[in-house]
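Notes for the one structure printed next.
The values are calculated or read from the model by the stated rules, or taken from the named source; none is laboratory data. None of these values were measured; they are calculated from a predicted model. Every residue, glycine as well, gets a Cβ built from its backbone with ideal geometry; the counts of neighbours run over all protein chains shown. The protein model used for the area step is the full one, side chains on, heavy atoms only, and it has no ligands, DNA or RNA in it. Shrake-Rupley method; radii C 1.70, N 1.55, O 1.52, S 1.80 Å.
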Amino acid sequence: MKIDEFIKKVAELGLKVDKDILNKLDIYAKFLIEYNTHTNLTSITNLDDIYLKHFYDSLTITKVIDLNSYENLLDFGTGAGFPGMVLKIFFPNLNVTLLDSNNKKTKFLIELKEKLALNNLEIINARVESLCKDKLNYYDIVTARAVTNMPVLTELAMPLVRQDRYFIAMKGSNNEEIEKSLYAIQKMNGKIEEINNFLLSPSCGHRNIIKIKKIKSTSKDEIRPYEKIIKKPLIKW
């Protein structure tokens, strides 16, 4: 995806791309490529692919939510910052937390944050389940892109979402996986509000964005240990 096409596609999402945003994305892309030469962050290192498969793909979350209407967002399993870092660039007033258990990736994000001079951006090196003690029912938006299967993902994410706010999963086009997650969504006090299926590109195939509203707060006794979540996912057979 060339820059002109990126700007056009982003405009179709209802977003504006100014010189400051383009400059930040340019710094981001070049730093990602350079850093990836010594630390494995991503298999996508072609500049055009970065703009399509990382930058534009991250922004497609706006197909189901207006991030101008919310105060904070958690992106867990963020990797090299997708979608959370890209969203922070486009929505500077949004308080964003990027979380990943890989120390090498969070180190990259800390350096990138300094290069981009971003404020109200928290970077945490930890597992997502460790946040439940201090951030239970806290975030307006919790999102994850290409992270684990939906039943496990749902049980990890939903406790952190504030009542009447949203967990938004960014996934591939596997509808069977969504079907398997319905029991977990119900058990974790959620309800699917929207599923947006779209073609990212002919070569990349379709994507699903699953918007799940939290209808009731999570109590501490509803939270299972990580080991149990993995060994016995919330699936109704």
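Structural remarks
- With the simple model of a label 7 Å out from the Cα in the direction of the Cβ, Lys16 to Ala117 spans 2.0 nm.
- For segment 156-237, the Cα gyration tensor yields ellipsoid semi-axes of 25, 15, 10 Å (square root of five times each eigenvalue, largest first, whole Å).
- Residue-normalised accessible area of the chain, expressed per residue, 1.4 Å probe, Å²: 49
- Counted without the sites themselves, the longest stretch of the chain free of trypsin sites (Lys or Arg not before Pro) in a DSSP loop having at most 13 other beta carbon atoms within 10 Å is 17-215.
- Close amide H contacts of Thr97 (hydrogens built in the peptide plane, cut-off under 5 Å, sequence separation of 5 or more or a different chain): Leu73, Leu74, Asp75, Glu122.
- Gaussian network model of the chain, springs between alpha carbon atoms under 10 Å - residue of Gly79, Gly172, Gly190 with greatest fluctuation: Gly172
- According to the calculation over all Cα-Cα pairs in the chain, the P(r) per 5 Å bin from zero is 1, 6, 15, 19, 20, 17, 12, 7, 3, 0, 0 %.
- Charged side chains reduced to their Cβ positions (Lys and Arg at +1, Asp and Glu at -1) give the chain a dipole of some 600 debye around its Cα centre.
- Bridges between two residues of segment 46-151, per DSSP, are antiparallel at a rate of about 0%.
- Mean Cα-pair separation over length for the chain, i.e. relative contact order, pairs under 8 Å, 6 or more apart, %: 15
- Counting only DSSP H runs of at least 4 residues, each contributing -39500 (n - 2.57), and dividing by the residue count of the chain, the helix-based mean residue ellipticity at 222 nm comes to -9500 deg cm²/dmol.
- Average Cα contact separation per residue, segment 112-237, under 8 Å, 6 or more apart, as relative contact order %: 26
- When the Cα positions of Ile110, Ile230, Asn196 are compared along the charge dipole of the chain, Ile230 comes out farthest toward the positive end, with charges on each C-beta of Lys, Arg, Asp and Glu.
- Rounded to the nearest 20 debye, dipole of segment 1-84 from Cβ charges on Lys, Arg, Asp, Glu: 100
- Per atom type, segment 100-237 shows carbon and sulfur on 47% of its accessible surface, probed at 1.4 Å.
- Size descriptor, Kirkwood hydrodynamic radius, that averages inverse alpha-carbon separations across segment 1-110, Å: 14.3
- Segment Cys132-Asn93, length gained on full extension (0.36 nm per residue, minus Cα span): 11.6 nm
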